[in-house]
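Enquirer: Here it is, the structure, as structure tokens.
All of the numbers you see were taken from the coordinates with simple rules; none came from a lab. Quick caveat, the model's predicted, so the values are computed rather than measured. Note: ideal-geometry Cβ built from the backbone for every residue, glycine included; neighbour counts use all protein chains shown.
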Amino acid sequence: MSRPTAITINFPSQSSSNFLFTLSSILLIFASLLIPVSGYAGAARSSLQDKISLERVVAPSGGYGYRLQYYVPAPIDVFWRFKTDFDNDVLLTNEELIEHRIVESFDNSVITENRYATAPGLRFLWQTDVILDKFQLEFKLLNNEDCRHEFHHGTIELSPAGDYTQVTQTAYFDFTGASLWVKYPWYGGMKSTLTNMVKWEQKVAYDFKRSYLAALDR
């Protein structure tokens with residue numbers, strides 16, 4: 001999975017402690033997915049890359065939720081290899097991710113631990129279940145209380161789209177400041193953050209595809 005991956009959050013004024021906690025909580029959500037980029041050089045753009053759909057959904061157990069759908073420039077078999085490489089050094093190119101390691105793997109599940117630059121004292125434990133026959137990942141935060149979350153879980157589903165892969169990511173969560181984050185319309189809000197995540201992952205997919213195909217040609 002790509003790890004839930006710098007964003008400045010300009011929320012309305014709160015106490016300093018609440019603001020810092022809100023910031024660290026939001027950065028948790030996307031692990032290694034929070035590097036804002038404007039695109040990638042050398043890649044032939046397609047209209048598919050601009051098709052980003054984001055909608056809020058009702059969380060079945062309360063809290064908040066979203067469904068995000070987008071396309072990455074790599075065929076599904078290649079991109080699936082990337083999404084299921086939990087020990088990939090590319091994850092640590094994220095300036096917000098200061099530590100990542102695999103804690104345990106069993107059956108079709110992997111537990112990873114992340115530390116983030118904005119909350120270096122907190123360690124976030126994620127369990128990701130790999131559903132091979134569906135090209136699907138199911139993720140959940142294991143130590144909610146330690147990370148001051150009520151809950152955080154969701155799915156990532158891949159579908160073939162020719163030379164591209166369609167990604168549908170659905171997440172449900174609740175944490176202090178979540179109500180502001182999902183509604184904030186500018187830089188640092190949910191829409192801005194997820195759009196930046198998509199652009200980052202499109203670049204990663206393009207670079208990974210090139211290196212993967214080059215390795216096959218050797």
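Enquirer: Work out the FRET efficiency for I98 and D133 from their Cβ-Cβ distance, taking R0 = 45 Å, and round it to the nearest 0.05.
Expert: Between I98 and D133 the formula returns 0.80.
Enquirer: When M190, M197 are ordered from fewest to most other Cβ atoms inside 10 Å of their Cβ, what list results?
Expert: Numbers: M190 21, M197 26.
The most exposed by this proxy come first: M190, M197.
Enquirer: Give a residue-ordered list of calculated ³J(HN,Hα) values for the range 162-168 (Karplus: 6.51 cos²θ - 1.76 cosθ + 1.60, θ = phi - 60°; whole Hz; x for Gly, Pro).
Expert: x, 7, 10, 10, 8, 10, 10
Enquirer: How much length is gained on full extension from N108 to W186, taking 0.36 nm per residue of separation minus their Cα-Cα distance?
Expert: My answer for the length gained is 24.2 nm.
Enquirer: Please give the contour-minus-distance gain from S159 to R67: 0.36 nm per residue of separation, less the Cα-Cα distance, rounded to one decimal in nm. Please report the intermediate quantities before stating the final value.
Expert: On the way: separation 92, 0.36 × 92 = 33.12 nm, distance 1.50 nm.
Working it through step by step, the gained length comes to 31.6 nm.
Enquirer: Only counting other Cβ atoms within 10 Å, I'd like H153, H100 sorted with the fewest neighbours first.
Expert: Fewest-to-most Cβ neighbours within 10 Å comes out as H153, H100.
Enquirer: Another question, then. Packing-wise, with mean Cβ within 10 Å as the measure, how do 167-179, 130-142 rank, highest first?
Expert: 167-179, 130-142
Enquirer: I've got another one for you. For K199, which lysines qualify as cross-link partners when the Cα separation must be under 23 Å and same-chain residues fewer than eight apart are set aside?
Expert: By straight Cα distance, K199 reaches K51, K83, K183, K191, K209.
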